[in-house]
Amino acid sequence: MITDQARHSIAEIFCHAARARLPATAGDSCEITAVPRWDDQHPAAPHAMVLTISSIAFRLLFVLHFNKDDATRAYYVGGDTTRSLSETLMEFANLCCGYMNQQLVNYFPDLGMSTPYELNSACVGYLDELHPAHVWAYELLIGGTARLGVTLCLCAQAPLDFRADLSTADESEGELELF
Amino acid sequence: MEWVVLESYLLAACVGGIVAAFATAWFYRGKLGAVVNARQSDELARQVLAKELDAAHERVEQADSEHAELESMLADLRAQAGQYAQDRDALQASLDEANTRHAEWLQHATEIAEEAARLKTLSVTFERWHEQMISLMSQNRDMHKKNQELSAIVQHVLIVSLNASIEAARAGSAGRGFSIVASEVRSLASRSQDLSKSYRESLHRNDLTTAATFQDIQAGGKMITATLGGVEVLATRFQSRLEQAAA
């Protein structure tokens, strides 16, 4: 249903999006590690921000996992008392998913993106209910302190094949380890 | 002496006759030359007249030829004018037909632009669905809370039943019946706990499918709205060009 080059293209688009949009301050590091699945060795953080990119023949769920711990709060919220961590990460998830949407629209002209919604990460254990064509899972360390996770779930109703041609401008901002 | 004089006379007469003859000859000769000259002049004049006559004939022939050529051209021009008139009528008919089609296209373009603009209001429907998702998810959160409360109660019942079992054991044979009841309560609480856990999982599954479905509807709605916006722009541009062409 989804070709290898389409799978690699989506992974590459996500890595560019994460490096470009998830650091709170431009220039902060963004270490991305692909994990085979969320389990006891690689547990997903308990809270999740979900967005969906929809096209005519496929939809892509973007799930940002996060902890409401001191390190994450300090990195993303800092001393700002006017906004909660959820609100702040909702904005970052929206930016990151929006970046992916901007890249994908080059290959799929009919695209739309939802607004973010917060869920419990336990929901991700039931992604099979959506009959996904492929699921990606990543652990991220942002700015050396904030640990996030991302799950991408692609559901396709038709064969999906494309090759992303991305600029290599932000290629050196992080390294991707593939399992 | 007399012969000499006679001879002199004769000689003089002869000379005089010769001179007279020469004079006469000279006279006639000049007169004859004049006649010849007159004849030559007449011949030349006749030749000039003949040439002029020939030239006049040639000019007449040329004029006749040119006249015939002009007549031919005039006939061609009349034929062309007739053809042009036919072509003009045909073009006028085509133009009228094109104008009719143009008016129809303009009407279609206007209708498409209006329809696209109208359909863009579908976004209101998509937003209503999104609000319904928020409402559903709010209900799910409420059920999560109630289930957590139920789970806490069941946990409490388990502890109470355990305590009841301990107290029944202390009562000895008198507490045997109470021990059976406490054990039954613990069993029911344990089953309730399993049911609560299963219910929590169902709620998580429901959260995912509900959020994913409604987000798909919301994102799909934005996709449709954007596409209709593009159709509206194209239709409006087409309509504008048709109006400019008609002006």
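The values are calculated or read from the model by the stated rules, or taken from the named source; none is laboratory data. Just so you know, these numbers come straight off a predicted model, no measurement behind them. A quick note on method: Cβ atoms are made from the backbone with ideal geometry, for glycine too, and the neighbour counts reach across all protein chains shown.
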Matching residues, region A:18-40, being out of contact with any strand residue (DSSP E or B) (no Cβ under 7 Å at 6 or more places or on another chain), more than 16 Å from residue A:88 (Cβ to Cβ) and among the charged types (D, E, K, R): A:39, A:40
Any pair with Cβ under 8 angstrom, 6 or more apart, that starts in region B:135-148 at a residue that is not assigned by TED's automatic domain parsing to the domain that holds residue B:213 and ends at one that is loosely packed, with under 13 Cβ neighbours inside 10 Å and not small (Gly, Ala, Ser): none
Some residue of region B:106-122 being exposed (fewer than 15 other Cβ atoms within 10 Å of the Cβ), within 14 Å of another protein chain (Cβ to nearest Cβ) and assigned to a helix (DSSP H, G or I): yes
Lone qualifier among B:200, B:205 - being at the interface with chain A (Cβ under 9 Å from one of its Cβ atoms), farther than 30 Å from residue A:55 by Cα and either exposed (fewer than 15 other Cβ atoms within 10 Å of the Cβ) or of a type outside the set (Asp, Glu) (or both): B:200
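What number of residues in region A:14-40 are without any contact (Cβ under 8 Å) to a residue 12 or more places away in the chain and more than 12 Å from residue A:137 (Cβ to Cβ)?
Here is the first cut: in region A:14-40, the ones without any contact (Cβ under 8 Å) to a residue 12 or more places away in the chain are A:26-27, A:39-40.
Of the ones still in play, those that are also more than 12 Å from residue A:137 (Cβ to Cβ) are A:26-27, A:40.
Matching residues across region A:14-40 total 3.
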The one condition in (1) among the hydrophobic types (A, V, I, L, M, F, W, C); (2) surrounded by 14 or more Cβ atoms within 10 Å (Cβ to Cβ); (3) over 44 Å from the mean Cα position of the chain (by Cα); (4) modelled with pLDDT of 90 or more that residue B:152 fails to fulfil: (2)
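If we keep just the residues of region A:107-125 that are surrounded by fewer than 20 Cβ atoms within 10 Å (Cβ to Cβ), in contact (Cβ under 8 Å) with a residue 24 or more places away in the chain and of a type outside the set (A, V, I, L, M), which is nearest to residue B:219 (Cα to Cα)? Let's see the steps before the verdict.
First, the residues of region A:107-125 that are surrounded by fewer than 20 Cβ atoms within 10 Å (Cβ to Cβ): A:107-110, A:115, A:118, A:120, A:122, A:125.
Next, only the ones that are in contact (Cβ under 8 Å) with a residue 24 or more places away in the chain stay: A:107-108, A:110, A:115, A:118, A:120, A:122, A:125.
Going one step further and asking which of them are of a type outside the set (A, V, I, L, M), we end up with A:107-108, A:110, A:115, A:118, A:120, A:125.
On the way: A:107: 17, A:108: 14, A:110: 11, A:115: 8, A:118: 16, A:120: 21, A:125: 23 Å.
Within region A:107-125, the match that is nearest to residue B:219 (Cα to Cα) is A:115.
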Residue check for residue B:102: at pLDDT 85 or above and either assigned to a helix (DSSP H, G or I) or loosely packed, with under 11 Cβ neighbours inside 10 Å (or both): yes
Any hit, region B:223-232, residues being away from every other protein chain (no Cβ under 14 Å) and surrounded by 17 or more Cβ atoms within 10 Å (Cβ to Cβ): yes
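Quick one: how many residues across region A:75-105 are more than 14 Å from chain B (Cβ to nearest Cβ), out of contact with any strand residue (DSSP E or B) (no Cβ under 8 Å at 6 or more places or on another chain) and either surrounded by 16 or more Cβ atoms within 10 Å (Cβ to Cβ) or assigned to a helix (DSSP H, G or I) (or both)? Talk me through it step by step, then tell me what you get.
In the first step, residues of region A:75-105 are kept if they are more than 14 Å from chain B (Cβ to nearest Cβ); the result is A:75-85, A:87-89, A:91-92, A:95-96, A:99, A:103.
So of that shortlist, the ones also out of contact with any strand residue (DSSP E or B) (no Cβ under 8 Å at 6 or more places or on another chain) come out as A:77-84, A:87-88, A:91, A:95, A:99, A:103.
Keeping just the survivors that are either surrounded by 16 or more Cβ atoms within 10 Å (Cβ to Cβ) or assigned to a helix (DSSP H, G or I) (or both) gives A:77, A:87-88, A:91, A:95, A:99, A:103.
Looking only at that region, the number is 7.
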